[in-house]
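The structure under discussion appears below in the form of structure tokens.
What follows is calculated from the coordinates using simple rules that are stated; it is not laboratory data. Because the structure is predicted, anything quoted here is derived from the model rather than measured.
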Amino acid sequence: MPTTIAIIEDNLEFLRHFSAVVEASDGLSLLGVASNGRDGMALIERARADLYLIDLGLPDMDGVELIRHALQRHPGCDVVVVTVFGDDAHVIASIEAGATGYLLKDSAPAAILDCVRVLREGGAPVSPVIARKILQRLGKAAAAPGAAPALPQGPAERPLVTEREIEMLRALAKGLSFNEIGDMYGISPHTVARHVKNIYKKLAVHSRGEAVYEATALGLL
């Protein structure tokens, strides 16, 4: 079965590009498009997509609200943000709302294909600059006066993460793709995906951003 995709984007040029990439790709099916929040809500209500691509800067609604609605209406779907906003507030709000990926619009439309591949392999597509912002934010929080210690107090509280999984976490934090990580360590992308799935399970997270956040809070990075 093809992966179904719905796009909610108010910039018509980007909407056309994204739609054309999806329609021209084997294994992908464009379920529907919307150019504002109201129509986006209706699209989410009308049809369940495997993946919703949602812009945050919609003219009539905060895209974060659409993220929450999509996940409440269709548990188990993926939501990837595609936006021009790369500031901390938008990134953190989107991750907290449940977004499984965050791409900036300076990414080529063809990045959607890589995005779908990463999601299928159990990963979370995040633009490298966004991964760096998350790490910088965590570093500042850890260095703040009175900040709680990063390491858990008892050894039993620390997840049993292997040294190889620590390596995977460091690579994820840099925003590397599964292929790039595989090349770096001489393993296949499928093996990388397996390690990442194990990391998500151990840390009780569902996305790359959450994994990096949790690993840093636990003193693993």
_Under-5 Å amide H pairs with residue 31, H placed in peptide plane, nonlocal only_ = 5, 6
*Relative contact order, percent, segment 3-130 [alpha-carbon distance under 8 Å, six or more residues apart]*: 22 percent
*For segment 3-130, just the Cα atoms, rotate onto the principal axes and tell me the three extents in Å, largest first.*
35, 33, 29
*Please list, in chain and number order, the residues 5+ apart from residue 78 or on another chain whose amide H is under 5 Å from its amide H, with Hs placed from the backbone.*
51, 52
